[in-house]
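Just so it is clear, none of the values below were taken in a lab; they were calculated from the coordinates. These numbers were taken from a predicted model, which means no experiment stands behind them. For neighbour counting, all protein chains shown are included, and Cβ atoms are generated from backbone atoms with ideal geometry for every residue, glycine included.
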Amino acid sequence: HSATSVIVGSQPLAVAVNPITNKIYVANSQSGNVAIINGATNGVVNRATGTFPSSVVVNPSTNKIYVGKCGTACGGSSNNLVNVIDGTLDSLLSSVTAAAGPSEIAINTITNKVYVSNRASGNVTVITPAPTNVIPLNTSVTPFAGNTTTSATPTFTLTATSSYTPTAPPPQNIYFQMDTTNGTWTKATNTGSTATTLTAAATTATLQNGVHILYFFATDGSDATSINPVPPEDSPESSGVIGGVNAYLFLVNAGTAATGFEADVAPRQGGDGAVLATDITQVRRFVSGLDTPSLSPNEFQRTDSAPRASLGDGLVNSGDVVQARRYVAGLDPLTNAGGPTVAADEPLRARIGGSVFGTKVAESSVLRLSSGNGGQVFVELVSVREVAAVSFRLRYDAAKLGKPLVSLSELPDGAVLTVNDTVAGELTVLIDSAGPLGAVGEAVRLVEISFLNESAVGSVVLDGEVSVSDLFGNDVRVLSEWSPRENHPVSP
């Protein structure tokens, strides 16, 4: 890096750049002017604005510069104006009256509206520019159907038309960039031309799914002519005479490529091409809420592996832990990623067990809470099927009970407990095993929970989904003996 000092004026407060014309505008509060710097030579021209210019912003689309003059609110006179400078000739075009103490300014380059915050009057002035003469060099884009593309690297067809009179120089080039006008402009690839038109193809770099804006403009070969007046003791300046900067808003909906294997989620976020014990651990972290699976690159899709018949159901729950264990143990062959790419919608998630895509049973298992003599809470399960994994969430009175301590209870060797207690008042618990957690139809005590404040009186409540999975990763329908809206008392 290297640094160069450019003398601009007294107490410069704000600076803005027009990356198209390579000019820099500096608001000099005490000098009462705006310094205009030629980015190629660092030459400076000052233009008077009046008392205390404190903010400046550039609209590259229209080549207009807006200067806020703070007035008495900042120690100047009470004019409260926003000056508008024409960037082509760098001359004062007009002044717009704002409210008391205009300070910060922002521009929407799509609508060209200007927003001015008025520090002394507690409001915002919205400036709508007056219509201007049509620029005789304009560029259009061929829109996508529905303004939507399924390509992550879309190609746009841009057409520039010159209507200068009496002689219309042919358009020479079209430039574009994505989502900003402050970056590097890329030259589109010329694909055809006539005496007054130019067609070019603009292909973007890889874009994320979502809304984007393509900015583009054309040049006609006169963009290096000297049209600025000659400053004293300086050579004539070169100014960009270009077509208007246009914008096109569109949606990228490229989907998520199905890559990797089901349940291959470690290391994050792309996996390693194998399903190992580390993947089971990472799925446990997702189910318990310690980590959140990403949609890119299809991490959620690989995490949601159960039921295997549908390659997931849009839910990340205990069944996915069981299915990951089956892949690791070789009980099921490795399967290419597939199934839902995003979480199921709310109506589906509200169905306990979320078994729309998997196997359902007519009967229901029961998850219940019970209290011990020492202020402990026991979570018990009575299941109609052999169960290999259970996950649930509790809410408790953290202010009264303090931090929870969770331990496995009457379970066979090999059962694994995963706890998420990072949020005070909320406890997520996952238990999974390679074999059944208990006998069918009999109550099995899963965990016991004690609290740091052993003598306190508080309440514990089941909250949200309860997920119970059989030995094959299928959901088992579960009912709770305690409504999520009812408090379960805890007392010593």
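Quick notes on this one:
- Amide proton proximity set for N46, modelled H, under 5 Å, gap of 5+: I36
- Dmax and Rg, reported as Rg then Dmax, of the range 281-331 (C-alpha, Å): 10.2, 28
- Other residues lying with their Cβ under 10 Å from the Cβ of L381 contribute a combined charge of 0, Lys and Arg counting +1, Asp and Glu -1.
- Local electrostatic count at V26 - Lys and Arg +1, Asp and Glu -1, tallied over other residues with Cβ under 14 Å: +1
- Taking amide H as placed 1.01 Å from N in the peptide plane, the amide H of S55 sits under 5 Å from that of G68, each at least 5 places away or on another chain.
- With one equal scatterer per alpha carbon and no solvent term, the Debye-computed log10 I(q)/I(0) for the range 76-128 at 0.17, 0.24, 0.28 1/Å reads -0.55, -0.97, -1.13.
- All lysines inside 30 Å of K64 as judged from Cα atoms, apart from same-chain residues fewer than 8 positions distant: K23, K113, K187
- With R₀ set to 35 Å, the beta-carbon distance separating T197 from T153 gives a calculated FRET efficiency near 0.85.
- Proximal charge balance of T292 [Cβ under 10 Å; K/R count +1, D/E count -1]: -1
- Per-peptide average of other Cβ atoms within 10 Å, ordering 381-389, 288-296 highest first: 381-389, 288-296
- Ranking of T259, T199 by count of other Cβ atoms within 10 Å, fewest first: T259, T199
- Binning the C-alpha pair distances of the range 1-46 at 10 Å intervals from 0 yields a P(r) profile of 30, 54, 15, 0 %, listed from the shortest bin outward.
- Highest-first arrangement of 272-279, 171-178, where packing means the average Cβ count within 10 Å: 171-178, 272-279
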